[in-house]
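S.K.: My questions all concern the structure below.
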Amino acid sequence: MARTRPTPPQLDDVSKAIIEQLQQDGRRPYATIGKAVGLSEAAVRQRVSRLIESGVMQVVAVTDPLQVGFPRAAMIGIHVEGDVEAVADSVSKLTEVDYVIICAGGFDILAEVVAEDDDHLLEIINRKIRAIPAVRSTETFVYLKLRKQIYTWGTR
């Protein structure tokens, strides 16, 4: 049975320019963006709404978890026995997990977690992630210091 992949939305040059404007400053006023891309403020507002609704982008405040009450952050590599997507879905539901990818290589899944302290991290790993039935093993990479985090890679 062939699986079909969802077709990503087609982005025109104006939508890409709006995205790039917001990547530089997520609080940039729509009127300012409109001047930069040649649209009215209302047209930019509509396009941004469509981009958000379609899942192409989201506008959020990005923080350094180590500085906002989560002094322990880690990347957890997960080895799975069986259905990788089902495990990724289960891991994604955990409130402490902010990033989940299914990957190839040494691990089946990588999950980024934020925790209040080492005891909280141990609880996430031992009682939540390792409790998922198809999880075979995990390896934890504890973050010591965040050196770079960017979201301004543009569009293609």
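S.K.: Residues of region 113-129 being part of a helix (DSSP H, G or I) and either within 21 Å of the chain's Cα centre (by Cα) or under 15 Å from residue 98 (Cβ atoms) (or both), which ones? Show your work before the answer.
M.R.: Going residue by residue through region 113-129, those that are part of a helix (DSSP H, G or I) are 118-129.
Hits for region 113-129 are 120, 121, 124, 125, 128, 129.
S.K.: Separate question: Just a yes or no: is a residue in region 47-55 closer than 30 Å to residue 107 by Cβ and either surrounded by 14 or more Cβ atoms within 10 Å (Cβ to Cβ) or aromatic (Phe, Trp, Tyr) (or both)?
M.R.: No; the residues of region 47-55 include none that is closer than 30 Å to residue 107 by Cβ and either surrounded by 14 or more Cβ atoms within 10 Å (Cβ to Cβ) or aromatic (Phe, Trp, Tyr) (or both).
S.K.: Find all pairs meeting these conditions: Cβ atoms under 6 angstrom apart; at least six residues apart or on different chains; first residue within region 86-98 and under 21 Å from residue 66 (Cα atoms); second residue of a type in the set (Asp, Glu) and not in a helix (DSSP H, G or I).
M.R.: Within 6 Å, the pairs are 98/112.
S.K.: Hey, residue 100 hits all of (1) crowded, with 16+ Cβ neighbours inside 10 Å; (2) of a type outside the set (Gly, Ala, Ser); (3) farther than 26 Å from residue 9 by Cβ; (4) touching a helix residue (DSSP H, G or I) at 6+ places or on another chain (Cβ under 9 Å) but one; which does it fall short on?
M.R.: So residue 100 meets the others, but not (3).
S.K.: Residues being modelled with pLDDT of 90 or more and exposed (fewer than 11 other Cβ atoms within 10 Å of the Cβ): count how many of those fall in region 1-23.
M.R.: The qualifying residues number 2.
S.K.: Report yes if residue 142 is surrounded by 15 or more Cβ atoms within 10 Å (Cβ to Cβ) and either among the β-branched types (Val, Ile, Thr) or touching a helix residue (DSSP H, G or I) at 6+ places or on another chain (Cβ under 6 Å) (or both), otherwise no.
M.R.: Values: surrounded by 15 or more Cβ atoms within 10 Å (Cβ to Cβ): no; either among the β-branched types (Val, Ile, Thr) or touching a helix residue (DSSP H, G or I) at 6+ places or on another chain (Cβ under 6 Å) (or both): yes.
No; evaluated as a whole, the condition is false for this residue.
S.K.: Further question on the same structure: What about residue 69, is it out of contact with any Cys (no Cβ under 6 Å at 6 or more places or on another chain), free of Cβ contacts under 8 Å to residues at least 60 places away in the same chain and not assigned by TED's automatic domain parsing to the domain that holds residue 20? Show your work before the answer.
M.R.: Numbers: out of contact with any Cys (no Cβ under 6 Å at 6 or more places or on another chain): yes; free of Cβ contacts under 8 Å to residues at least 60 places away in the same chain: yes; not assigned by TED's automatic domain parsing to the domain that holds residue 20: yes.
The answer is yes for residue 69.
S.K.: I'd like to know if region 130-137 contains one or more residues that are under 14 Å from the mean Cα position of the chain (by Cα) and either surrounded by 11 or more Cβ atoms within 10 Å (Cβ to Cβ) or in contact (Cβ under 8 Å) with a residue 60 or more places away in the chain (or both).
M.R.: Within region 130-137 (the criterion being under 14 Å from the mean Cα position of the chain (by Cα) and either surrounded by 11 or more Cβ atoms within 10 Å (Cβ to Cβ) or in contact (Cβ under 8 Å) with a residue 60 or more places away in the chain (or both)), the answer is no, since none of the residues qualifies.
The values are calculated or read from the model by the stated rules, or taken from the named source; none is laboratory data. All values derive from a computational prediction rather than experimental measurement. Here the Cβ is made from the backbone with ideal geometry for all residues, glycine too, and neighbour counts use every protein chain on show.
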